[in-house]
Amino acid sequence: MAKTLSFTCSACGASHTRWSGRCDGCGEWNTIIQEAPLSAGPAKKSLGGKRGQSITLSDLSTEETPPPRTLCGVEELDRVLGGGLVPASALLVGGDPGIGKSTLLLQAAARFARNGIKTIYVSGEEASAQVRMRARRLGLEESPVQLAAETNLRDILTTLEAEKPGLAIIDSIQTMWADNVDSAPGSVSQVRAAAHELTTFAKRHGVSIIMVGHVTKEGQIAGPRVVEHMVDTVLYFEGERGHQFRILRAVKNRFGRADEIGVFEMTGKGLAQVTNPSALFLSERGTPSPGSAVFAGIEGTRPVLVELQALVAPSPHSQPRRTVVGWDSGRLAMILAVLEARCGIPFAGLDVYLNVAGGLKVSEPAADLAVAAALLSAREDTALPADTVVFGEISLSGALRPAPQTENRLKEAQKLGFTAAIAPAGGKTGTVAGLTLTRPSDLVGFVGETFGAG
Ligand code: TYD
Ligand code: MG
């Protein structure tokens, strides 16, 4: 007999037979908690005997009109949604506590309500008065948004059924309580059950439901990853506390591109969209200094220029530090290894710090060459020319691979006043006037051309 699984990871939802300090599923520490076992269904027997109804099947060529979409008018949000809100869809907006999810959604609610969609905002975290106060601060107190402070899911669903809104916002899924599940609000089973109920409700009643999910670092509260698979669209709201920039990133979207980003700025009067993020990310750049390289990246459908900053210093430790903010640390280790093995440039005994300015998280392999440029510039204490952008993927052999959408990257660089670009040979460049292209075919060639010696 298989034992009942009763330990669950609150970060990723993986089930375990016993407790351990680290989840094998997602690698997080201290996230495994004991839970009431999930119901094994009505009966363990096979469905057998009693027959069901037969289902009508259709073929793939059946014409389907694309879903009507509603735009909220905030371009950065509409684009991340894949071109507007789709009716009868379930969305999850995840993010760290305090990053601005409630602010974003209240502003979106007001926009959608003004565009004629009946909108209900249910807060399980704040009292109505608090939400109203925020609305006043945002200048939205006249918006036709209906408000409720409630956590009882049964009551919420009954209300939604009677009110028939076009959009309902649930802030947050971790505060919802389904009375048919015997565990505390915020536990994996509660969060799962609530998300499941809300998602089914959305499909059945044609309501768009947006759920807020707090990213939790550890412990008793289930994170948004537990419900990612149930919903149609998963958006994460990222950014660093010290920065005003906030990035809304689509990580899953059944109705649009999954890597699209929207950029916002947190102001005293709520979130303002940033329609030219490159200019914003580069605005803090000072005079050219060693360790800085401008990467011409692509986020979703849009080119975005960001500054990569590296610092390389002799290490007092036997194990030199490798610290990365905004990029993958495994990828950094790889670039350091390739630089050492293929170009003979060692980083042993040196601490290496890498930072993506502005709080953006870069995941494109095309950033490899810009990272290498920043690292070498820091190591050699030589500033790269200020008007140059760099991009391209580095392979383990030290060869360079062209990045997708080379032409768009170059156009964006030119638009922002850059006059030179370093990009691998190959790839369609089109005609971008006024930009001097350097096209190394491998890393050794790049090092030679950019930093003189090999
Ligand atoms: P909030 O939307 O409550 O975050 P979340 O729902 O993700 O927990 O936003 C919290 C932060 O945003 C808070 O620290 C104050 C700041 N903020 C502003 O800077 N300007 C504003 O207009 C508002 C409403 C909030
Ligand atoms: Mg909130």
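Taken over segment 124-175, the criterion of being among the β-branched types (Val, Ile, Thr) and either touching a Phe, Trp or Tyr at 6+ places or on another chain (Cβ under 6 Å) or assigned to a helix (DSSP H, G or I) (or both) is satisfied by 131, 145, 151, 156, 158, 159, 169, 173, 175.
Listed residues 265, 307; which is among the acidic types (Asp, Glu), touching a Ser or Thr at 6+ places or on another chain (Cβ under 9 Å) and assigned to a strand (DSSP E or B)? Give the steps one after another, and end with the answer.
On the way: 265 fails: touching a Ser or Thr at 6+ places or on another chain (Cβ under 9 Å).
Among 265, 307, only 307 is among the acidic types (Asp, Glu), touching a Ser or Thr at 6+ places or on another chain (Cβ under 9 Å) and assigned to a strand (DSSP E or B).
For the condition in a loop (DSSP other than H, G, I, E, B) and either in contact with a strand residue (DSSP E or B) (Cβ under 9 Å, 6 or more places away or on another chain) or aromatic (Phe, Trp, Tyr) (or both), what is the one hit in 426, 417, 430? Result: 426 is the single residue among 426, 417, 430 that is in a loop (DSSP other than H, G, I, E, B) and either in contact with a strand residue (DSSP E or B) (Cβ under 9 Å, 6 or more places away or on another chain) or aromatic (Phe, Trp, Tyr) (or both).
Within segment 268-304, the set of residues being assigned to a loop (DSSP other than H, G, I, E, B), surrounded by 14 or more Cβ atoms within 10 Å (Cβ to Cβ) and in contact with a Lys or Arg (Cβ under 7 Å, 6 or more places away or on another chain) comprises just one member, 300. Residues in segment 111-130 that are touching an Asp or Glu at 6+ places or on another chain (Cβ under 9 Å) and either crowded, with 21+ Cβ neighbours inside 10 Å or free of Cβ contacts under 8 Å to residues at least 24 places away in the same chain (or both): 120, 121, 122, 123, 124. Among residues of segment 365-384 that are modelled with pLDDT under 95, those with a Cβ under 7 angstrom from a residue that is part of a helix (DSSP H, G or I), sequence gap 6+ or separate chain, pair up as 380/451; 382/451; 383/377; 384/373; 384/377. Summed over segment 238-267, residues that are surrounded by 14 or more Cβ atoms within 10 Å (Cβ to Cβ), within 16 Å of ligand 2 (Cβ to nearest atom) and within 26 Å of residue 312 (Cα to Cα) total 1.
Does any residue of segment 215-224 turn out to be β-branched (Val, Ile, Thr) and in contact with a Leu (Cβ under 7 Å, 6 or more places away or on another chain)?
Applying the first criterion (β-branched (Val, Ile, Thr)) to segment 215-224 yields 215-216, 221.
Still in the running and in contact with a Leu (Cβ under 7 Å, 6 or more places away or on another chain): none.
No, that holds for no residue.
Against the numbered list (1) outside any helix (DSSP H, G or I); (2) surrounded by fewer than 19 Cβ atoms within 10 Å (Cβ to Cβ), residue 342 comes up short only at (1). If only residues of segment 55-103 that are outside any loop (DSSP other than H, G, I, E, B), within 16 Å of ligand 2 (Cβ to nearest atom) and over 15 Å from the mean Cα position of the chain (by Cα) are counted, the one that is surrounded by the most Cβ atoms within 10 Å (Cβ to Cβ) is 102.
Of the listed requirements (1) at pLDDT below 95; (2) within 28 Å of the chain's Cα centre (by Cα); (3) more than 16 Å from ligand 1 (Cβ to nearest atom), residue 174 misses just one: (3).
Determine whether residue 156 is among the β-branched types (Val, Ile, Thr), touching a residue at least 24 places away in the same chain (Cβ under 8 Å), crowded, with 16+ Cβ neighbours inside 10 Å and touching a Pro at 6+ places or on another chain (Cβ under 9 Å). Talk me through it step by step, then tell me what you get.
Working: among the β-branched types (Val, Ile, Thr): yes; touching a residue at least 24 places away in the same chain (Cβ under 8 Å): yes; crowded, with 16+ Cβ neighbours inside 10 Å: yes; touching a Pro at 6+ places or on another chain (Cβ under 9 Å): no.
Judged against the criteria, residue 156 is not a match.
Among residues of segment 395-412 that are farther than 19 Å from residue 373 by Cβ, those with a Cβ under 7 angstrom from a residue that is of a type in the set (S, T, N, Q) and surrounded by fewer than 22 Cβ atoms within 10 Å (Cβ to Cβ), sequence gap 6+ or separate chain, pair up as 407/429.
When you go through 199, 216 one by one, which is the residue that is farther than 21 Å from residue 98 by Cα and in contact (Cβ under 8 Å) with a residue 40 or more places away in the chain?
Working: 216 fails: farther than 21 Å from residue 98 by Cα.
Exactly one of 199, 216 is farther than 21 Å from residue 98 by Cα and in contact (Cβ under 8 Å) with a residue 40 or more places away in the chain, namely 199.
Residue 163 meets the conditions (1) within 28 Å of the chain's Cα centre (by Cα); (2) touching a residue at least 40 places away in the same chain (Cβ under 8 Å) in every case but one. The failed one is (1). Residue count for segment 195-224, restricted to those that are more than 16 Å from ligand 2 (Cβ to nearest atom) and not polar (S, T, N, Q): 16.
The values are calculated or read from the model by the stated rules, or taken from the named source; none is laboratory data. Treat the numbers as computed from the prediction; the structure is a model and nothing was measured. FYI the Cβ positions are ideal-geometry reconstructions off the backbone, even for glycines, and counts take in every protein chain you see.
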